[in-house]
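Before any comments, here is the structure.
The values are calculated or read from the model by the stated rules, or taken from the named source; none is laboratory data. On a predicted model such as this, the values are computed, not experimentally measured, just so you know. Here the Cβ positions follow ideal geometry from the backbone for every residue, glycine too, while neighbour counts run over all protein chains shown.
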Amino acid sequence: MSPRRIAILGSTGSIGLSTCEVARELGDRVRVVALAAGANVERLAAQAREFHPKLVAVADESRAAGLSASTELAGALDGIEVAAGPEGLNRVAAFDEADMVVSAIVGAAGVLPTLEAIRAGKHIALANKETLVAAGSVVMDLVRSTGVSLIPVDSEHSAVFQCLRGEPARAVRRTVRRIVLTASGGPFVDSAPGELAGVTVEQALNHPNWAMGAKVTIDSATMMNKGLEVIEAMWLFGLRPDQIDVVVHRQSLVHSMVEFTDGSILAQIAEPDMKGPIQYALTWPERVERPVEPFDFTAHPTLTFEPPDLEKFPCLALAYEAARAGGTMPTVLNAANEVAVEKFLNGEIALTDIPRRIRRSMRAHTVNTAPDIHDVLRVDAAVRKELQSVA
């Protein structure tokens, strides 16, 4: 079998680094042919030195110039083409020699490169949930018209995808009663609602089970991450919001479940490690052995499931509201959340201000029920501009 040739969008972030680890472990099964990073040129150079891709790109054009000019890094880039800016990301996304693109850029910045990859006929390993939240109808219409495969990398959606293996896609709406997405509850699962206003950035970044990037970790602390996953699941599996439930599962061992119309429930269980779903996406439709210990059920005698507290975590309720509204409302939700999270990380607002700002943007928005990509980008830009100007 010839190796699967992959391009990684967001190679220096959390998922990108784990993807590189998986590629290393898979050896001859995977060949990294292109890499794209945001601004971390030192890490990108180290990856180029190891994997010898044909093309690398840096979204930050000023940093890309430094990468090309650095004599210290020149050896790592010998024979490798360097591209920059949005055009550079698009070139990696559509790179001729890639069979699959790992979409791991954080936030709505991943939308256009992912669309470019789909247009180029690349199979997608999707680790960027915001792409489907902000532009789900546009993305899925293009997926259907091009016939590419869209394989989820989020642990929850990978779990559902694996549980549905063998179910004909056309039969999912007929055979699936609901899916259940599990949530760890984040660092504040036991906090009283009134305690959240004063939490620090450091406290919010202290996730109990997962090591993730800053934005995703804050989303987990507000449970917006699970709300975004509800919308992502709607698009991936063709289900209604009322067919997608969320439960708090503190152990993070059951990664999600599917309940079928006959009452049967399938669950995917594994230790919390993103390398599992990444490898599944890279090797799909095969299932390849991983160097992990067999799961010890006796070491986990208790698995608990609780309903989420929507009073304490209003972001999850807002996400369901956006999902039911459809059209451009999830675009508003996502853009407002990204700006608010950035302001929280910069110490400008409290954690509890995040849902307030999202709610205000949603209340002010008139939904476009059938947006194209230009509509999505206009709404996204308008929400960001408005919220960036608010102190």
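Of the strands (runs of 3 or more DSSP E) lying entirely inside segment 55-162, the ones with 3 or more residues being under 28 Å from His255 (Cα atoms) are found at 100-103, 123-126, 150-152. Screening the candidates Leu181, Leu239 for the property of being under 15 Å from the mean Cα position of the chain (by Cα), over 23 Å from Val339 (Cα atoms) and not in a helix (DSSP H, G or I) yields one hit, Leu181. Here Ala104, Ala64, Ala94 are screened, and the one residue that is of a type in the set (Gly, Ala, Ser), crowded, with 21+ Cβ neighbours inside 10 Å and modelled with pLDDT of 95 or more is Ala104. Residue selection: Arg24 satisfies the criterion of being in the same structural domain as Ala120 (by TED's automatic domain parsing), modelled with pLDDT of 95 or more and surrounded by fewer than 17 Cβ atoms within 10 Å (Cβ to Cβ).
Kindly indicate which of Glu259, Glu311, Glu306 is acidic (Asp, Glu), touching a residue at least 24 places away in the same chain (Cβ under 8 Å) and touching a helix residue (DSSP H, G or I) at 6+ places or on another chain (Cβ under 8 Å). None of the others qualify; the one that does is Glu311. Can you find a residue in segment 9-24 that is more than 21 Å from the chain's Cα centre (by Cα) and part of a helix (DSSP H, G or I)? Scanning segment 9-24, I find at least one residue that is more than 21 Å from the chain's Cα centre (by Cα) and part of a helix (DSSP H, G or I), so the answer is yes. Regarding segment 206-219, can at least one residue be identified that is closer than 20 Å to Ile265 by Cα and crowded, with 20+ Cβ neighbours inside 10 Å? The answer is no; no qualifying residue exists. Checked against the criterion of being over 24 Å from Gly16 (Cβ atoms) and of a type in the set (Ser, Thr, Tyr), segment 273-296 contains not a single residue that satisfies it. Taking the criterion of being under 14 Å from Ile231 (Cβ atoms) and either in a helix (DSSP H, G or I) or not assigned by TED's automatic domain parsing to the domain that holds Val216 (or both), would at least one residue in segment 357-364 satisfy it? Yes: one or more hits. Taking segment 107-117 as the range and being closer than 16 Å to Leu236 by Cα and surrounded by fewer than 24 Cβ atoms within 10 Å (Cβ to Cβ) as the test, only Leu115 passes. Filtered by the rule that a residue be among the charged types (D, E, K, R) and not in a loop (DSSP other than H, G, I, E, B), segment 365-391 gives Asp375, Arg378, Asp380, Arg384, Lys385, Glu386.
Being over 23 Å from Met100 (Cα atoms), in contact with a Gly (Cβ under 6 Å, 6 or more places away or on another chain) and assigned by TED's automatic domain parsing to the domain that holds Leu164 is not true of Ala214.
With respect to the conditions (1) over 21 Å from Glu286 (Cβ atoms); (2) at pLDDT 95 or above, Val153 lacks only one, and its number is (1). When Gly166 is tested against (1) within 24 Å of Trp284 (Cα to Cα); (2) touching a residue at least 12 places away in the same chain (Cβ under 8 Å); (3) assigned by TED's automatic domain parsing to the domain that holds Met329; (4) in a loop (DSSP other than H, G, I, E, B), only condition (2) is not met. Filtered by the rule that a residue be surrounded by 17 or more Cβ atoms within 10 Å (Cβ to Cβ) and touching a residue at least 40 places away in the same chain (Cβ under 8 Å), segment 179-205 gives Ile179, Val180, Leu181, Thr182, Ala183, Ser184, Gly185, Phe188, Val189, Leu196, Val199, Ala204.
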